[in-house]
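All remarks here apply to the structure that follows.
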Amino acid sequence: MTTIIQEREMTVMTDQVNGDSAGGYGAMNVTEALTFIGERAAPRPRVGIILGSGLGSIADAVEHPVVIPYADIPHWPVTTAQGHAGRLVFGELEDVSVAVMQGRVHYYEGYSVEELTFPIRVLGELGISTLFATNASGGINLGYKPGDLVAVYDHINFMGINPLVGRNNEKWGPRFPDMTYVYDREYLEMLESAAMEEKIPIRRGVYIAFSGPSFETPAEIRMARVLGADIVGMSTIPEVLTANHMSVRAAAVSCVANFAAGVKPEKLHHQEVLDSMTRAARSMERLLRAFLRKIS
Ligand code: HPA
């Protein structure tokens with residue numbers, strides 16, 4: 001019987017034999033995933049959407065859905081996090097062809113950087129030109145409260161990893177990608193006008209990501225506030241960096257699920273995060289739809 005680690009090592013070895021290691025590790029595996037998805041007659045998506053914790057219900061709104069469980073797609077990392085369904089849903093939303101990731105994998109689940117970026121590489125190869133990422137966050141900014149939606153306009157990568165480490169695949173993007181406008185400026189304006197039309201209050205904020213899985217300490221949150229962060233989470237940055245690397249324009253909307261550690265005396269619980277996100281799913285869906293109408 002082979003263990004998971006042994007299987008992983010075998011995959012890496014095979015890829016090395018194929019001259020497809022490091023940054024190229026993904027290329028061959030991505031091709032296999034693309035072939036598999038192509039055989040299911042999925043349409044070419046224009047927009048990739050990542051639904052974070054508790055927001056999975058938005059995928060139910062997709063019209064003419066073709067649903068593929070992550071576990072069926074060769075090499076696709078399977079989500080273990082509570083509140084993530086683990087399915088890729090192709091179809092249309094507001095007449096825009098979309099590929100919706102109902103759940104994502106996180107670094108804290110133990111995945112390698114190649115695995116973390118794999119879904120974005122596949123969506124990029126499928127031809128998406130836009131990534132719309134959502135997530136749950138803790139509110140660091142003392143003016144934020146649970147339920148607030150935040151359009152992310154910049155981030156601080158405090159995860160201790162960069163998903164672009166490894167041999168660079170020039171076909172996907174440059175070795176040193178620029179990150180000045182990692183969240184597309186035009187999309188930010190579209191998000192804000194979409195929110196205004198829908199009468200959904202929205203803020204602009206800086207997202208900081210820690211690796212997790214433990215929540216931050218109050219001292220870490222005070223540090224993050226001094227550094228200029230408004231919200232804190234454990235995801236999104238690897239995906240957005242990868243999208244940028246592939247010249248896929250990115251927008252990210254975070255839902256403040258809880259006050260960050262130490263803002264209030266109460267302890268943090270994951271269930272609180274899920275409950276807040278379930279409550280926010282309707283306004284997130286309205287915002288997403290209004291955004292899609294603008295880019296269509
Ligand atoms: N910290 C990190 N990630 C999170 C939080 C938090 O407070 N809330 C939701 N995701």
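Just the residues that are at pLDDT below 95 and open to solvent by less than 10 Å² (accessible area, probe 1.4 Å), please, taken from the stretch 46-61. Of everything in the stretch 46-61, those that are at pLDDT below 95 and open to solvent by less than 10 Å² (accessible area, probe 1.4 Å) turn out to be Leu51, Gly52, Leu55, Ile58, Ala59.
If only residues of the stretch 264-285 that are within 9 Å of the ligand (Cβ to nearest atom) and open to solvent by 20 Å² or more (accessible area, probe 1.4 Å) are counted, the one that is nearest to Leu142 (Cα to Cα) is Leu268. Annotation: of all residues in the stretch 139-155 being open to solvent by 40 Å² or more (accessible area, probe 1.4 Å) and modelled with pLDDT of 95 or more, the one that is nearest to the ligand (Cβ to nearest atom) is Asn141. A single entry from Ala224, Ala252, Ala229 fulfils the requirement of being within 14 Å of the ligand (Cβ to nearest atom), surrounded by 18 or more Cβ atoms within 10 Å (Cβ to Cβ), part of a strand (DSSP E or B) and of a type in the set (A, V, I, L, M): Ala252.
Yes/no per residue for (1) open to solvent by less than 30 Å² (accessible area, probe 1.4 Å); (2) modelled with pLDDT of 95 or more:
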site: Thr79; (1), (2): yes, no
site: Gln82; (1), (2): no, no
site: Asp95; (1), (2): no, no
site: Ala99; (1), (2): yes, yes
site: Arg104; (1), (2): yes, no
site: Gly110; (1), (2): no, no
site: Glu114; (1), (2): no, no
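For the criterion of being open to solvent by 10 Å² or more (accessible area, probe 1.4 Å) and not in a helix (DSSP H, G or I), Ala136 passes. Being away from the ligand (no atom under 13 Å from the Cβ), charged (D, E, K, R) and under 18 Å from Ile50 (Cβ atoms): is that true of Glu239 here? Considered against the rule, which asks whether it is away from the ligand (no atom under 13 Å from the Cβ), charged (D, E, K, R) and under 18 Å from Ile50 (Cβ atoms), Glu239 comes out as yes. State all residues of the stretch 208-221 that are open to solvent by less than 30 Å² (accessible area, probe 1.4 Å) and either more than 10 Å from the ligand (Cβ to nearest atom) or in contact with a strand residue (DSSP E or B) (Cβ under 8 Å, 6 or more places away or on another chain) (or both); if no residue qualifies, say none. Residues satisfying the conditions are Ile208, Ala209, Phe210, Glu216, Ile221.
The values are calculated or read from the model by the stated rules, or taken from the named source; none is laboratory data. This one's a predicted model, so the numbers in the text were calculated from it and none came from an experiment. Here Cβ is always computed from backbone atoms with ideal geometry, including for glycine, and neighbour counts include all displayed protein chains. Protein only, heavy atoms only, side chains kept; ligands, DNA and RNA dropped before computing areas. Shrake-Rupley method; radii C 1.70, N 1.55, O 1.52, S 1.80 Å.
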